[in-house]
Structures are given as C-alpha cells and as structure tokens.
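The values are calculated or read from the model by the stated rules, or taken from the named source; none is laboratory data. Keep in mind it's a predicted model, so treat the numbers as computed, not measured. Cβ: placed from backbone, ideal geometry, glycine included. Neighbour counts: every protein chain shown.
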Amino acid sequence: MSVVNASQHVMSPLTVSLVQGATRWHDPAANREYYGALVRTVKGSDLIVLPETFLSGFSNDTALSADTMDGEGVEWLRALAIETGSVICGSLAIRENGTVYNRLLWMRPDGNFAQYDKRHLFRMAGEHTRYGGGSERLIVELKGWRILPQVCYDLRFPVWLRNRRLAEATGGMDYDLVLFVANWPAPRRHPWRTLLRARAMENLSYVIGVNRVGVDGNDLPYAGDSAVIDPVGETLVELGALEQVITVVLDPAPLLTHRERFPAWMDSDEFTLHAD
C-alpha cells in the first residue's frame with residue numbers, strides 16, 4: 001500500500017535484496033561471474049545492493065584494482081541492471097583523470113546511473129594516499145523513497161550523514177533510507193553493528209548495510225553482518241558470516257508514523273558542511 005509523506009511524495013513499499021558475497025581478490029572476471037549468478041537469483045527487487053569494491057576487493061594496489069568508466073565493469077553492471085529490471089548499487093575502484101576513486105554506482109534498469117565518490121578514506125589502511133575523496137553527497141529517489149548511498153568508512157561520521165533539517169512542508173528531512181556498501185573486517189564488527197543502529201536512530205531513517213564475507217588477499221577476515229535496521233534502531237534482518245542473498249520489503253508507514261510521533265528532527269541543530 002502506498003502512503004503519502006509530508007512532502008506529498010507517494011512512497012510505495014520498497015523491495016530490496018542484500019547480496020553478501022565472498023569477493024574474489026583482484027579477479028574482476030571471476031567476480032562478474034560470481035556476483036552475476038547471485039544477482040540473478042533475485043527476482044522482482046526494486047533495488048539490489050552489492051558490497052564495496054565488489055569486482056576487486058578492498059585493495060590499495062590501484063594498478064590491479066582500478067577500472068575506468070568505459071571499462072568492462074561499468075558496462076557489465078549496466079547490462080545486469082537492464083537484464084534484471086532492478087537498480088543495482090555497489091562500489092568500484094575507478095580511475096579518472098589520473099586519480100582513482102572508490103566510486104559507488106547507482107545503476108538504473110534503463111542503463112542510466114548516478115555516482116558517489118567515497119568521502120572518508122580509510123587512512124589506517126592508507127586509502128587516503130592512493131585514492132581521491134568525494135565532496136558531494138548523493139540523494140537518489142526510488143518509488144518515492146529518498147535514499148542516501150554511502151561507502152564503508154563513511155559510517156563513522158555522523159555530521160556527514162546527518163539527515164538535514166528542511167522546512168516542515170517538505171517533510172522535515174532530506175532522506176528516508178541510508179545505505180552502506182562495505183568491506184568491514186571482522187575484528188571491527190562491533191562498531192559496524194553498533195553504528196548502523198546509531199545512524200538509524202539519530203536520523204529517524206531506515207538503514208541498510210551490506211558487507212562482504214570470506215578472507216581477502218591481505219588475509220583479513222570478514223564477518224558479513226549485513227543488516228536492515230528500522231528507524232527506531234530495531235533489527236529487521238541481520239545476516240551471519242556466510243554467503244547469503246536475502247530480500248526484504250521496507251514499509252514506509254512505520255517510518256512516517258515514527259517521524260510524526262517523535263519529531264526529533266524539529267529540534268536538530270543547523271549547520272553548514274564544508275568539503276574540506
């Protein structure tokens with residue numbers, strides 16, 4: 001059942017599939033085959049979410065991991081979105097004008113796409129020395145939902161992720177769902193699980209996090225823990241540490257009811273966000 005939010009946007013239930021896979025290290029062809037097979041098990045989803053750097057693994061060897069916007073990876077993702085009739089998102093290492101970006105692509109089933117370059121680069125692994133960072137948030141719309149897609153380490157920065165306070169006539173906030181694609185290692189799984197819930201509660205928003213599993217080429221293990229969190233911080237779905245594809249339907253009604261009954265956004269602090 002569709003509902004109308006305060007900004008007069010019609011929001012319909014949103015069917016989302018989480019693809020939690022064991023990315024092959026520095027093997028784009030194998031990953032295309034692997035993730036293509038997983039995605040094709042999903043039928044009828046509005047949105048399919050893949051992990052961060054799903055064609056290479058999270059690697060600082062940009063000579064091996066980076067593709068280009070006219071390379072095989074982007075064209076394959078476009079063809080897969082057209083084939084499935086779903087929006088597909090996940091991040092790729094993309095080289096552009098001499099700089100490599102950890103770039104999330106929001107690939108639509110008509111072949112068009114939007115993009116977001118990871119803002120916060122994981123300095124503990126040297127990502128900030130080998131990749132360029134983005135400076136603009138991306139908000140996309142799907143079935144009336146305003147969605148903020150983000151990448152991994154961005155999860156730790158609440159000011160960047162803050163649901164911006166808008167005029168009440170426009171619904172009060174600028175997004176309804178924030179999603180994170182990640183390669184978040186198992187030794188830090190407690191912060192991953194905790195912060196996903198915190199971001200939902202403080203932003204009165206649904207949250208989706210999709211992480212990988214397995215062990216990467218740096219011998220780092222990944223525990224998965226992909227999850228869907230509701231706007232009060234309750235877990236709707238949480239996956240374990242194995243390869244898994246699961247589909248959920250997000251209902252806009254509980255979100256809008258919670259925002260009406262608990263309008264904390266009306267007391268939020270105004271701020272200006274600078275790129276640097």
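Brief remarks on what is shown
- Against the conditions (1) within 25 Å of TRP145 (Cβ to Cβ); (2) touching an Asp or Glu at 6+ places or on another chain (Cβ under 9 Å), SER45 satisfies every one except (2).
- Scanning the stretch 185-203 for residues that are farther than 18 Å from THR257 by Cα, in contact with a Pro (Cβ under 8 Å, 6 or more places away or on another chain) and among the aromatic types (Phe, Trp, Tyr) turns up nothing.
- None of VAL159, VAL151, VAL181 is modelled with pLDDT under 95 and either under 15 Å from the mean Cα position of the chain (by Cα) or among the β-branched types (Val, Ile, Thr) (or both) except VAL159.
- Single condition ASN183 does not satisfy, out of (1) part of a loop (DSSP other than H, G, I, E, B); (2) surrounded by fewer than 24 Cβ atoms within 10 Å (Cβ to Cβ): (2)
- Members of the stretch 248-276 found to be assigned to a helix (DSSP H, G or I), farther than 26 Å from LEU47 by Cβ and in contact with a Leu (Cβ under 9 Å, 6 or more places away or on another chain), listed by number: ALA264
- Look at the stretch 237-257: where a residue is at negative phi and a partner is surrounded by fewer than 15 Cβ atoms within 10 Å (Cβ to Cβ) and in a loop (DSSP other than H, G, I, E, B), sitting 6+ places away or on another chain with Cβ atoms under 7 Å, you get VAL245/THR41.
- The single condition among (1) farther than 30 Å from THR129 by Cβ; (2) modelled with pLDDT of 95 or more that ALA6 does not meet is (2).
- THR23 meets all of the listed conditions (1) at pLDDT 95 or above; (2) of a type outside the set (Gly, Ala, Ser); (3) surrounded by fewer than 16 Cβ atoms within 10 Å (Cβ to Cβ) but one, namely (3).
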